[in-house]
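Novice: Below you will find the structure I want to go over with you.
A short reminder: the numbers here are calculations on the coordinates, not readings from a lab. Just so you know, these numbers come straight off a predicted model, no measurement behind them. Here the Cβ positions follow ideal geometry from the backbone for every residue, glycine too, while neighbour counts run over all protein chains shown.
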Amino acid sequence: MSPARQLAFLRILHDLSASKCAQFIVATHSPILLTFPGSTVLLLEGGQIRPVPYQDTEHFRLTQGFLEAPERFYRFLLADDDEGKA
């Protein structure tokens, strides 16, 4: 789903939850959807489920790191095998 469509989906979630006619369980890897105000983000890890701040999820951190400095990622992703090991 494109970022613009994710934002549109957040608006739909907001409208439906504000009217008190719906609740949602959403399974996602999207850092955008993870930020929905008032939501509880649950992490399934090691056979346990626990709430976490969205900022502590791997998906949020990876996306944030990439957007802040994509060249760091490309240095390793696009490096020749010998260069990537250095």
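Novice: Label points 7 Å out from Cα along the Cβ direction at residue 52 and residue 24: separation in nm?
Specialist: That separation, rounded to one decimal, is 2.1 nm.
Novice: Here's a follow-up. Angle, helix 3-18 long axis vs. longest principal axis of the chain, Cα atoms, 0 to 90°, nearest 10?
Specialist: Between the helix axis and the principal axis of the chain, the angle is about 30 degrees.
Novice: How far apart, in nanometres, would the label points at residue 6 and residue 75 be if each is projected 7 angstrom from Cα along the Cα-to-Cβ direction?
Specialist: 2.6
Novice: For region 27-67, what is the relative contact order in percent, using Cα pairs closer than 8 Å and at least 6 residues apart in sequence?
Specialist: 35
Novice: Cα convex hull of region 3-84: mean projected area in nm², to one decimal?
Specialist: The orientation-averaged projected area of the Cα hull of region 3-84 comes to 7.6 nm².
Novice: With an 8 Å cut-off on Cα pairs and a minimum separation of 6 or more residues, tell me the relative contact order of the chain in percent.
Specialist: 17
Novice: Show the residues, 5+ positions off or on another chain, whose built amide H is closer than 5 Å to the amide H of residue 43.
Specialist: Residues meeting the amide H criterion: 50, 52.
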